[in-house]
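One structure below.
The values are calculated or read from the model by the stated rules, or taken from the named source; none is laboratory data. Computed from a predicted structure; not experimentally measured. Cβ atoms come from the backbone with ideal geometry, glycine included; neighbour counts cover every protein chain shown.
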Amino acid sequence: MSAVIFFVVLAIAIAALMLLITKVNMHPVITLLIVALFTGVGLGFSGLETMGLISEGFGGTLKGVGLPIMLGAVLAMGIQDTGAAKSIANFFIRLFKGKKLELAPSLTAFIVSIPVFGDITTVLTSNIASILSTRKGISMATMAAFTVLGLNLTHGVVPPTPGILAVTEVMGADLGLVIFYGIIISLVGFMGTWLLLRRWTEKEKILPNPNFVKGIKPAKADDTVEDLLIEGENLPGTFASMLPILIPVVLISLSSFINMYVPEGNAIREIFAFLGDKVVALSLAVAYTMFLGLKYKKSVIESNYNATHNDNGAEGELAVATELENQDMAKNSNIKDILLNSWIARGLEVALAAILITGMGGAFSQVIKSAPAVNEVTSLVDGIPIPGILIPFLLGVLMMTAVGSMTTAGMTAAALVYPMLPVLGLTPLAATLAIGSGTLALNHVNNSGFWVTSQFFNLSTKQTLKYITFPHAVAAVINILVIWVLSSVGII
Ligand SMILES: O=C(O)[C@H](O)[C@@H](O)[C@H](O)[C@H](O)CO
């Protein structure tokens with residue numbers, strides 16, 4: 001089969017994905033399954049062969065990312081219930097002395113979203129952003145632009161978020177190094193965009209969702225930094241709150257560096273190889289968070305109760321909190337059950353879709369990667385007169401534009417890029433980071449997260465396009481420039 005037919009089949013497949021997901025509103029899991037099947041047949045495999053590839057890709061991907069996705073979701077429940085996200089935000093409020101307050105939810109979102117899925121981080125940080133917006137009169141345009149950027153940068157570029165974790169696996173890049181450089185690059189992308197666009201976002205005054213700010217008053221002239229804090233009392237300390245994220249990040253990255261510099265057979269290397277295994281590192285983080293939950297029993301019981309008994313957003317939460325006090329439910333709830341059962345059950349509910357979408361993304365990738373025409377495509381790419389690093393980036397952009405899920409986009413782009421690596425002259429590390437950055441660029445109306453964002457940050461569609469889509473594109477460009485430099489000088 002010629003490269004031309006390969007591209008035609010692929011273009012039809014991408015168009016079909018786009019149509020079915022966004023127009024027909026079919027669930028991505030089933031869409032990917034159907035499209036993968038037709039793509040396989042279009043690429044010259046028999047139906048049975050294609051099904052074999054689908055199973056292989058599905059299972060192979062979940063072998064690498066299934067447990068981490070589940071553990072990440074359980075971790076998210078812990079971060080939510082213990083109040084860790086609020087405590088991290090308070091740390092930044094104090095750090096910046098009550099100024100530049102959009103950085104508090106933004107950097108919190110950046111950190112929390114390293115292991116936690118982006119949409120969950122949106123829910124966790126939007127009320128912090130709304131409260132600070134009311135207290136200091138900061139427009140929700142500014143709050144949304146940087147909070148959602150912060151969370152999507154690490155959602156897209158820093159594992160162990162499921163999508164980029166799966167891309168890392170497909171590309172065969174070193175996980176610890178993707179985390180390490182992903183954080184650095186994303187931080188530059190974030191700061192660069194913030195410096196460039198901060199003033200511009202301040203021009204339009206947008207108020208927060210009133211449900212999130214009931215009872216919150218604007219700060220008075222003589223209010224101190226302490227008055228700005230989110231629910232000042234009974235939150236874990238900053239370091240204790242960051243540990244659920246630091247544990248996996250440090251252990252996984254450290255094991256990669258030790259692997260590079262310490263000779264084989266050395267006991268330290270063996271120990272860290274184990275501790276830095278993604279499942280071990282995330283399990284340790286979950287175990288730690290459970291101990292934290294034990295210590296902050298009261299807020300855990302209340303938050304878990306709210307999470308399992310209502311779905312009316314902040315308004316409901318307030319009502320339930322009062323009801324909770326009245327019934328003195330806190331005394332009767334069993335903390336052991338919450339930590340060992342409810343957190344897992346809630347985590348699984350959130351993780352299931354991500355697990356299946358990622359697995360199906362892997363199935364689709366497997367079909368494309370296995371097509372014999374891939375070799376011809378690779379040599380064709382060799383002739384394209386643009387720098388190699390732009391190819392994985394642009395494929396990330398293209399796939400995100402088409403399928404509207406950063407996770408699915410990253411995985412499908414990875415399938416296309418992997419066979420091209422030798423001709424592109426890129427390391428798996430550089431290509432992985434470039435794909436992740438590409439998936440940031442066109443976050444628009446076909447992304448479910450786009451609507452979650454507009455709802456939680458109280459933005460109209462036009463405002464979401466202006467303050468989410470555009471800053472994301474700017475950050476993606478900064479990211480790829482940094483990646484380009486680092487890759488040209490041989491650092492990544
Ligand atoms: O599939 C995905 O990876 C997610 O759905 C993202 O695209 C989120 O929606 C985004 O993080 C929120 O803005």
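Only a single item in (1) touching a Lys or Arg at 6+ places or on another chain (Cβ under 8 Å); (2) more than 12 Å from the ligand (Cβ to nearest atom) is not met by Leu165, and it is number (2). Residues that are within 16 Å of the ligand (Cβ to nearest atom), touching a residue at least 12 places away in the same chain (Cβ under 8 Å) and farther than 20 Å from Ser488 by Cβ number at least 3 in the following helices (runs of 4 or more DSSP H) confined to region 370-447: 390-403, 406-417, 428-441. Among the residues making up region 276-303, those that are over 23 Å from the mean Cα position of the chain (by Cα) and in a helix (DSSP H, G or I) are Phe291, Leu292, Gly293, Leu294, Lys295, Lys297, Lys298, Ser299, Val300, Ile301, Glu302.
When Ala430, Ala415, Ala434 are screened for being closer than 30 Å to Glu376 by Cβ, surrounded by 22 or more Cβ atoms within 10 Å (Cβ to Cβ), touching a Lys or Arg at 6+ places or on another chain (Cβ under 7 Å) and of a type in the set (A, V, I, L, M, F, W, C), only Ala415 passes. The set of residues in region 435-475 that are modelled with pLDDT under 95 and either within 12 Å of Thr401 (Cα to Cα) or touching a strand residue (DSSP E or B) at 6+ places or on another chain (Cβ under 7 Å) (or both) comprises Leu442, Asn443, His444, Val445, Asn446, Asn447. Just one of (1) within 15 Å of Met411 (Cα to Cα); (2) at pLDDT below 90; (3) buried (at least 22 other Cβ atoms within 10 Å of the Cβ); (4) not aromatic (Phe, Trp, Tyr) fails for Ile54. It is (2). In region 238-252 there is no residue matching the filter, namely being aliphatic (A, V, I, L, M), surrounded by 22 or more Cβ atoms within 10 Å (Cβ to Cβ) and modelled with pLDDT under 95. Of the listed requirements (1) within 21 Å of Ala431 (Cα to Cα); (2) assigned to a helix (DSSP H, G or I); (3) within 18 Å of the chain's Cα centre (by Cα), Leu246 misses just one: (1).
Please find, within region 396-412, the residue that is surrounded by the most Cβ atoms within 10 Å (Cβ to Cβ) out of those that are touching a Pro at 6+ places or on another chain (Cβ under 8 Å) and at pLDDT below 90. Outline the logic, then answer.
Just the residues of region 396-412 that are touching a Pro at 6+ places or on another chain (Cβ under 8 Å), to begin with: 403, 405, 407-408.
Adding the requirement that they be at pLDDT below 90 leaves 403, 405, 408.
Values: Val403: 30, Ser405: 24, Thr408: 27.
Checked region 396-412; the qualifying residue surrounded by the most Cβ atoms within 10 Å (Cβ to Cβ) is Val403.
For the condition within 16 Å of the ligand (Cβ to nearest atom) and within 23 Å of Pro162 (Cα to Cα), Leu459 does not qualify. Scanning region 170-196 for residues that are of a type outside the set (S, T, N, Q) and within 16 Å of the ligand (Cβ to nearest atom) yields Val170, Gly182, Gly189, Phe190.
Looking at this structure, is Ile114 away from the ligand (no atom under 12 Å from the Cβ), of a type in the set (Val, Ile, Thr) and either modelled with pLDDT of 95 or more or farther than 30 Å from Gly359 by Cβ (or both)? Spelling it out, Ile114 is indeed away from the ligand (no atom under 12 Å from the Cβ), of a type in the set (Val, Ile, Thr) and either modelled with pLDDT of 95 or more or farther than 30 Å from Gly359 by Cβ (or both).
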